Amino acid sequence: MAAAVASLAHVAVLDRNHAYTVFKHNIDAVRAMVDAGQVMDALMQHATAADLARLGVAELDLSRLDATDMYRGAWGLAVSALDRWVSDEIMRRVRILVLMPPDRRPRKLNNVTVTGAVANFPLGQGTEALFGRYGPDEGGLLVGRSSYTYPFERAYDAVLRSLHRKTFQHPDKIATGFRWVYDGDLWRDTADRINRESPDTAVSGDSLKHRLAEIAQRRNRIVHRSDLGHRFQKEPLNASEVHDTIDFLERVVVAITHLLGDVPTHGVDLGSLWAAYVNTRCDVDSGHAWDCDLFCEISELPPLS
């Protein structure tokens, strides 16, 4: 019974987490891409001219197709899904942690340097200032401002600037990013979490880091060198390898999400958040939809239609 309750609690954490929802959507699309590659592979091996005619692609030259290129594309997109998730998960937590008193904030966030001084931003001042005051740049991230209304805005903006245009694909860079929101040893604690949730597995922090580094390196070879190896031949890759990689990345993301838990909200003025929520109306075109997703998550209120 206790195990069932714990399992439901884990599912609830994922269901409430917008960053994970986006990751899950992206990683499932990557899985579908691998499946499409397998269909292509089957066509190449077994389809006759009559089969192609029935499918309406009689002119298709199967000799020009390479299903493994679909797998390479999926590999790169899987790493991109991880990269996007790390950025989203860090910033969704920072948005709330900057409103917390110092003893409830991670060490790195407490020591964020703002215009040459250590930030000492107070709790709960003008919470609504976090909403609707930043615009997306061409890369889809948020850009900083030169003036601020509330002290904690400077701290938030400093973190934002530190993450701007950084990539989170290598395990060391991922761990460095998460130090803004987590004081523990990320990979050791993530491995412990995986082992606790899956007793049949036996992973270590070092083994997680090693495999993540290998995945990132293969992604770089695919993206920057067309995955060409000796004598300009493409390195072999099959659907099973890509599915295993996708499953591994999702296992890591789920374990970290459970490790971090829900966004802490004790002491946050939900009244101020509600005012900001109503003002933005969750208008996707206004650029505030992400803010509203965060508010709905921490307040457990449904989105406004």
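Every read-out reported here was derived from the displayed coordinates using simple, explicitly stated rules and does not represent laboratory data. Being a predicted model, the structure only gives us computed values, none of them experimental. No Cβ is skipped: glycine too gets one built from the backbone with ideal geometry, and neighbour counts run over all protein chains shown.
At-a-glance table
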read-out	value
Computed E for residue 25/residue 247 - FRET, C-beta separation, R0 25 angstrom, nearest 0.05	0.95
Relative packing of peptides 91-99, 16-24 - highest average C-beta neighbours within 10 Å first	91-99, 16-24
FRET efficiency, 1/(1 + (r/R0)^6) with R0 25 Å, evaluated for residue 167 and residue 202 via beta carbons	0.25
Protection-proxy order for peptides 192-205, 247-260, 31-44, each taking the mean of Cβ atoms within 10 Å per residue, highest first	247-260, 31-44, 192-205
Cα-based reach from residue 24 at 27 Å (exclusive), listing lysines while leaving out same-chain residues under 8 positions away	166, 173, 209
Segment 170-260 - Rg and Dmax from Cα coordinates, angstrom	15.1, 47
